[in-house]
Each structure stands twice: as structure tokens, then as C-alpha cells.
Amino acid sequence: MKKRLIFITLLVLGSIAAGVLLGLWSSRNEATRTPVHPDIEGLLWPSPRTLAPFTVTDHLGQPFGLEQMSGKWSLLFFGYTHCPDACPLTLTVLKDFYEKLAGENAAGDVQVIFVTVDPARDTPEQMANYVRYFNGKFIGLTGTVEQISTLAQQIGVLFYKADNNEDYAMAHSVAVYLISPAREWVGVFAPPHNAEDMLARFKAIRKFVDASKK
Amino acid sequence: MTHLPVHQYHRRAVVVLLLGCLCVWHAVLAQEDIRISDAWINEAPPGMKMMGGYLNISNKTSRAVVLTGATSPCFEKIEFHVTEIKDDVSSMHKQESISIPAGTDFRFSPGRYHLMLINQTRTLAAGDTVPLTLHFAEGEPLQVMAEVRRGDSPSHKHH
């Protein structure tokens, strides 16, 4: 009778131990498994498009192309400096986003790029005055319409002259596009934008894409 | 032509005077029931031609009021525009006038309706105040002072 009790006790303890070990093993297996598509709004996965070469001019008058995007996380926004409402609003969000990230010492490999859709009025000097107002590290890009289109078309950015007035307005895509250090278009942040939300999604996408590359 | 007695002339004058007072009083009262608040201008980077202006118009009257224009000594021209985003593409549409139904508020706010302030006549920076005059289809124009300031980044609580 006593032997039987000991046997049952051992059996129960053994089962518990086996269960715990099995649990530990499977959770360890979970951690090493390749990441599946996480539920991050705006993540373009599993087959992000790799950008093709393009050449435009930055706000310092220097050539800017794919090489300047290698090894960096780039946030691209398309607009124009004569825009009184939507563009300053989005750039204010991007300024807030970038400064929050910099405050966490996590902006070293991040660049915010404002690309004009109105190169006729947006010279490199005009772009310099504009982007520096928001943040000294922001990059402004201009060029010919064809040069800008070479970049814009790859990520589905639309822009056109909205009227023929002297002070004409441009219609343009207002999403923010995320390009990975491998020059892949991995994310899109649709409007309306706010810095905290964009920051949380950016960090989640960066973590996921970095993990996928290992 | 008949000649009225002198006292009847006086009576007419008094009636005209009273009617005149009533008109002035009515106009003042009517415009007092339209309240402008939270007027501000988004500071622009140096050298930019266009600025965005924002304010709230509260129509406390019992009829619709129509905003027909805005002027300021600090800008060559002011227009009303609405920013519309469709399929992530933003475009601006000029509004000739803005109708505000009785008892409602109309808000010009970033990302939607805005005063497009064209060509500053002097350099404006955060901290400056700018007089804006709003013109309506009826009644006297209203003047408001708008403060130039740096726009805030919208946060979660505004969504």
C-alpha cells in the first residue's frame, strides 16, 4: 500500500517535470523560429520592392542617389514648399518623430528626406531653407521632373499641377514611405500622421526586418 | 405740394432717427453673435510665400452667415481652401465662400479648411500678432488678432 502511494506520487511529479521541460523546450523553439509576418500596419512584407537607381540633387546642391540610402533607414515624404497646410503639418510630425527617436539615441541610422514635387519653384536653396527650419539633419531633394519621377514612380507616388494660376498648387501623395538599409521599400505610413504612432510602428518594423536578415 | 406743420417734420425726423438707431443696433448685435476665436497663423520657414491661418467661427445667430472674404495688411491676398485627401493623395480646393448654419461652429484647422495667406508684406515670426478682417455677405466685417506660432504635432488625443 505504501509502495503504491510512493509510485503514484513519483508518477505525478514525473509528469509535472516532463510537462515543464516540454514547455521550456517548445518556447525555446518558438524564439528561434523565423519571424512570421507580424501584424504591423503599413509593413510591406514578405516581398518588399528593392529600389532601382535614381539621381537627384540634395539641398546642398550635391548629387543624391541610392548610395546615400544604403545602410540607413530612410523616411521619404513628397511635397512642396509653397504648400501652406498638409506639408508643414506632416513635416512637423516628422520633426517630432525624429527628435523623439534621437532622444532615445536611436536615430543614428535614420534619415528624414523631403522630396519636392514642384522642382520649378523648389531650388536647392529653397529646399535648404525649408528643411532646416524643421530639423538641421533633414535632407531636401530636388531635380528635374523626370529625375524625381524616377524615384516617385517606384513607390507609387503621384503628383500633378492642380491648377494654372500663378500661385499654383500641387496635388500629391501624402503618405510617408519607409526604405530599409538594404534599399527595400518596407513600409508606408498613411495619413493622418502622428509622431507617437509612427514611432511605435517604425520601431516594430525595424526590429522585424533586422531579425529577418539574421 | 402740401406743407406739413412743423411738429410733423419733427415727428418724421424722430422716426428716421429711431429707425437709424435700430439699424445700427441690429448690425452691432448681429455681428456680436458671430464670435471668432483661436485665431493663429502657422509660422513658415524663412522666405516662404504661403502661410496657413486657422480660427474658429461661432455663429450664435438664428440664421446662416456667409463668410465671403478675408483681408490683412500683412498679406497681399487671402483665400479659403480645403485640403482633401483621397487615396492618400492630397489636393487643395479653393472655396469662394463659407456658409455657416445657424447655431453652429466652423473651424479652420490644420489638414482641413485653412486661410491661405499669400505673400507676406513683412517678415512674420512666432510671437507676432497679425490683424485679420473677416468679411461677411451681410453686416459689418469683423476684425481679429491672429498670433503667429509654430504648429504643434498632432497627438493621439486629437484623433
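Every number here is computed from the coordinates shown, using simple stated rules; none is lab data. Since we're looking at a predicted model, the values are computed, not measured. Cβ sites come from the backbone with ideal geometry, for glycine too, and all protein chains shown count toward neighbours.
Note on A:K213, B:K94: ascending count of other Cβ atoms within 10 Å places them as A:K213, B:K94, the fewest first. Computed over the range A:49-212, the quotient of the alpha carbon radius of gyration and 2.2 N^0.38 Å is 0.98.
For peptide A:161-173, the mean count of partner chain Cβ atoms within 10 Å of a residue's Cβ comes to 4.
Under 5 Å from the amide H of B:Y113 lie the amide H atoms of B:T83, each residue being 5 or more positions distant or on a separate chain, with H modelled from the backbone and absent for Pro and chain starts. Stokes-Einstein diffusion for the range B:111-159, with the hydrodynamic radius set to the Kirkwood value over Cα pairs and evaluated at 37 °C in a medium of 0.692 mPa s, equals 241 µm²/s. Once you have a ≥ b ≥ c as the square roots of the Cα gyration tensor eigenvalues for the range B:50-141, tell me rounded if a/c is under 1.5, and otherwise prolate or oblate according to whether a/b is larger than b/c. Verdict is oblate for the range B:50-141.
The stretch between A:K72 and A:D167 holds 30.6 nm of extra length on full extension. This uses 0.36 nm per residue minus the Cα-Cα distance. If R0 is taken as 22 Å, the Cβ-Cβ distance between B:D152 and B:F106 corresponds to a FRET efficiency of 0.55.
Computed extension gain for B:K60 through B:V82, at 0.36 nm per residue and net of the alpha carbon distance, reaches 5.6 nm. The mean count of C-beta atoms from other chains within 10 Å of the C-beta of residues in A:92-99, rounded to a whole number, is 3. Add +1 for every Lys or Arg and -1 for every Asp or Glu among the other residues with Cβ under 11 Å from the Cβ of B:R149, and state the total. That sum, taken over residues with Cβ under 11 Å, equals -3. For B:F80, the residues 5 or more places off, or on other chains, whose built amide H falls under 5 Å of its own are B:Q95, B:M116.
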